[in-house]
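S.K.: Dropping the structure in here first, questions after.
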């Protein structure tokens, strides 16, 4: 965040994650939208966060675990759950 940003920029940047996740109530979302439409630095920050979020989801969003790792985890769980484990 730029040190010269005013309170409106600071508030917008505080809400960016929730904005991108669709977690803001409509009035706050509208205020963030208005701000982003008139503030290039905040818009650039929002776009960066959006692309970063997409990149992380594409690289880390898989639901499957390699079979060998799954077997090792199950074995460790069984050992921990057994008497004396």
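The numbers here are math on the coordinates, done by the rules we state, and not lab data. Computed from a prediction, not measured in an experiment: that's the story for all the values here. Cβ coordinates were reconstructed from backbone atoms using ideal geometry, including for glycine residues, and neighbour counts include every protein chain displayed.
S.K.: So how tilted is helix 26-38 from the main axis of the chain? Cα-based, degrees 0 to 90, rounded to 10.
M.R.: Once rounded, one gets 60 degrees.
S.K.: Let me ask something else. In nm, to one decimal, how far is the modelled label at residue 24 from the one at residue 11, with both set 7 Å along Cα→Cβ?
M.R.: Label at residue 24, label at residue 11, 1.1 nm between them.
S.K.: Relative to the compact-globule scaling 2.2 N^0.38 Å, provide the ratio for the alpha-carbon radius of gyration of the chain. Don't skip to the answer; put the middle values down first.
M.R.: Numbers: Rg = 21.2 Å, N = 85, 2.2 N^0.38 = 11.9 Å.
Relative to the rule-of-thumb radius for its length, the chain sits at 1.79.
S.K.: A further question on this structure: Expressed as an acute angle from 0 to 90° and rounded to the nearest 10, what is the orientation of the C-alpha long axis of helix 67-81 relative to the principal long axis of the chain?
M.R.: 70
S.K.: Just to be sure I understand: with springs between alpha-carbon atoms less than 10 Å apart, which residue in 14, 72, 34 has the highest mean-square fluctuation in the Gaussian network model of the chain?
M.R.: Comparing 14, 72, 34 in the GNM, the peak value goes to 72.
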